[in-house]
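First up is the structure itself, then whatever we jot down about it.
The values are calculated or read from the model by the stated rules, or taken from the named source; none is laboratory data. A quick note: this is a predicted structure, and the numbers were derived from the prediction, not measured. Note that each Cβ is placed from the backbone with ideal geometry, even for glycine, and that neighbours are counted across all protein chains shown. Calculation scope for accessible area: heavy atoms of the full protein, side chains included, ligands and nucleic acids excluded. Shrake-Rupley method; radii C 1.70, N 1.55, O 1.52, S 1.80 Å.
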Amino acid sequence: MYKWVIIGGGIQGCTVASYLIHSKKADTSSLKVIDPHEGPLHRWKTLTRRVGMKYLRSTSVHHMDPDPHCLRKFGRKEGYAQPFIGRYDRPRLDLFNDYHEELFHQYKWNDFWIQATVKGLERTAGGWEIETDRHSIAAERVVVAIGVNDRPHFPEWADPSDERMCHLFSSPETRKSGSLVIVGGGISAAHLANTYAMEGERDVTLLKRHPFRINDFDSDPGWLGPKYMNGFHKVTCYEKRREIIKAARHRGSITNGLSVKLKRHERQGRLKIITDQVEAANYDKDHIHLHLKNHKGIEAQTVLLATGAEHCVPGWEWLDRVSVSCALPTAPCGFPVVNARLEWGPGLYVAGALAELEIGPSARNIAGARRAAERIAAI
């Protein structure tokens, strides 16, 4: 039986693992991380590479190492050109990834990584039994740190079976020629539009439902500390907490820097930007015709959706059974109700989206991962 098992090897799970090892609450013999991919941060690296991200939206102190200054030290030591940009010192993506590869090597990550898909979880006398598609694993404590970016949201008009209708989360755009329409108004769509416009090899249109929403971060930095969180924790009604989280998130927002780049591409004729809503789509032999609410329809040989993930509880196809069998509390929105230690049941902890009713609006980002890891590692 392992002392700790973390389900999920993305940003959230890896941050928790890093904090547990750093605090000596776990080591390579007592810890396991279960993830369906062959190595840590696979999904993160795939999606950031796919959109062409160069710099993170978060600051230099938000990463997976408990020492907030280590990323800056690493950047200086390795001599990266312009390692950080802007007033918030946003790090280069390759710097961020390279640092964590070194961290994983230092912690001998391969010794506690298990490539498998979790199918179920059962309470036992001594802890928990995790069922995977390979075998079962016993643990004293379990941390569920999974997300929803494997659940792409397709608008009603989109036909996922058509190979020309691609989604950022599931089916990367494979055609390298012909007209392209990118659908979405958030930061992923903006990165995609910037990347394809810079290539300048095809007609690119960014189609969004609302004007650009400019915000430095996906929620106000006040949500990382007592400025807003003291009031949040005084709210005992979880329906109201959900409303607060929804209102606080800057969904569909982009940074000012990306907005400037996109408008420059538009002025220089490398990108068309349309603010409108798709009402229907016709799938002809040579193109997809998108019918718009307020503009003339547009045609594309490829449509690339950056429309985010489905609104759902991560892992609920098996977590729901755990909730029922162990009588674990949930809010009306279906998300776990946890204590200040992020403990949902005896020895069962959550991080990321599953912890947002306690961590607040920042729960899903890197800063939220650090806050969750701090609480769990303090146990």
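Quick one: compute the contact order of segment 269-371, relative version, from alpha carbon pairs under 8 angstrom and 6+ residues apart, as a percent.
Rounded, it is 13 percent for segment 269-371.
Would you tally the net charge around Gly368, using a Cβ to Cβ cut-off of less than 12 Å, leaving Gly368 out, and scoring K and R as +1, D and E as -1?
Once all neighbours under 12 Å are counted, the net charge is +1.
Given segment 198-318, what percent of its DSSP beta bridges are antiparallel, to the nearest 5?
Among the beta bridges of segment 198-318, antiparallel pairing accounts for roughly 55 percent.
Highest GNM mean-square fluctuation, the chain, Cα pairs closer than 10 Å: which of Arg43, Arg270, Arg202?
Comparing Arg43, Arg270, Arg202 in a Gaussian network model of the chain, the most mobile one is Arg202.
Using r as the Cβ-Cβ distance of Gln301 and Glu374, and R0 as 41 Å, what FRET efficiency do you calculate, to the nearest 0.05?
For R0 = 41 Å, the calculated efficiency reads 0.25.
Expressed in nm to one decimal, what extension gain is obtained for the pair Lys227 and Arg151 from 0.36 nm per residue of sequence separation less their Cα-Cα distance?
Between Lys227 and Arg151, full extension yields 24.0 nm more.
Rolling a 1.4 angstrom probe over the protein chains, ignoring ligands and nucleic acids, what is the accessible area of Ser179 in square angstrom, nearest 10?
For Ser179, solvent-accessible area is about 30 Å².
Explain nothing, just the number: dipole magnitude of the chain about its Cα centre with +1 on each Lys and Arg Cβ and -1 on each Asp and Glu Cβ, in debye rounded to the nearest 20.
Result for the chain is approximately 1340 debye, rounded to the nearest 20.
FRET efficiency for Lys285 and Ser171, Cβ-Cβ distance as r, R0 = 22 Å, nearest 0.05?
Taking R0 as 22 Å, the efficiency between Lys285 and Ser171 is 0.65.
Counting only heavy atoms of the protein chains, get the accessible area per residue of the chain (1.4 Å probe) and round it to a whole Å² value.
In whole numbers, the chain has 47 Å² accessible per residue.
When only Cα pairs under 8 Å and 6 or more residues apart are kept, what is the percent relative contact order across the chain?
Taking the mean separation of contacting Cα pairs over the length of the chain, I get 21 percent.
If you take every residue apart from Ile244 with its C-beta less than 13 Å away from the C-beta of Ile244, what net charge results, scoring Lys and Arg +1 and Asp and Glu -1?
Counting the neighbours of Ile244, the net charge comes to +1.
Along the charge dipole of the chain, which of Ala281, Trp344, Gly360 sits closest to the positive end, that is, farthest toward it, with unit charges on the beta carbon of Lys, Arg, Asp and Glu (+1, +1, -1, -1)?
Gly360
Would you give the gap between the C-alpha center of segment 111-182 and the C-alpha center of segment 205-265, rounded to a whole Å?
25
Counting only protein heavy atoms, what percent of the accessible surface of segment 15-122 is carbon or sulfur at a 1.4 Å probe?
48
Full extension from Cys312 to His42: what is 0.36 nm times the residue separation minus their Cα-Cα distance, to one decimal in nm?
95.0 nm
Determine the dipole magnitude for segment 256-379: charges of +1 sit on the beta-carbon of Lys and Arg, -1 on that of Asp and Glu, nothing else is charged, the reference point is the Cα centre, and the result goes in debye to the nearest 20.
Value, rounded to 20: 700 debye.
Most mobile of Gly360, Gly52, Gly126 per a Gaussian network model of the chain (Cα springs, under 10 Å)?
Comparing Gly360, Gly52, Gly126 in a Gaussian network model of the chain, the most mobile one is Gly126.
Give the residue from Thr195, Leu224, Cys237 lying farthest towards the positive end of the charge dipole for segment 191-237; charges sit on Cβ (+1 for Lys and Arg, -1 for Asp and Glu) and the dipole is referred to the Cα centre.
Cys237
Roughly what % of DSSP beta bridges within the chain run antiparallel, to the nearest 5?
Counting only bridges with both partners in the chain, antiparallel ones make up about 45 percent.
Normalising by the residue count of segment 1-97, find the relative contact order in percent from Cα pairs under 8 Å and 6+ residues apart.
27
Between Arg49 and Glu78, what FRET efficiency comes out of the Förster formula 1/(1 + (r/R0)^6) with R0 = 22 Å and r the beta carbon distance, rounded to 0.05?
0.65
As a quick test, which of the pairs Lys261/Lys296; Lys119/Lys246; Lys272/Lys293 have an alpha carbon distance above 19 angstrom in this structure?
Going by Cα-Cα distance, Lys261/Lys296; Lys119/Lys246 fall outside the 19 Å limit.
Using a 1.4 angstrom probe on the protein heavy atoms only, could you order Arg141, Arg264 from most to least accessible area?
Arg264, Arg141
Please get the size of the charge dipole for segment 1-124, origin at its Cα centre, with Cβ charges of +1 on Lys and Arg and -1 on Asp and Glu, quoted in debye to the nearest 20.
Charge dipole of segment 1-124: 380 debye, to the nearest 20.
Can you tell which of Ile214, Pro160, Gln106 lies farthest toward the positive end of the dipole of the chain, using +1 and -1 charges on the Cβ of basic and acidic side chains (Lys, Arg; Asp, Glu)?
Of the listed residues, the answer is Ile214.
For the chain, modelled as a Gaussian network with Cα springs under 10 Å, which listed residue fluctuates most, Glu101, Glu243, Glu122?
Between Glu101, Glu243, Glu122, it is Glu243 that shows the largest mean-square fluctuation.
Residues of segment 189-221 with backbone nitrogen within less than 17 Å of a virtual label 7 Å along the Cα-to-Cβ line of Arg267, please, listed as ranges.
194, 198
Would you indicate which of (1) 36.6, 120; (2) 22.0, 75; (3) 21.6, 66 is the value of Rg and Dmax of the Cα atoms in Å derived from the coordinates of this structure?
(3)
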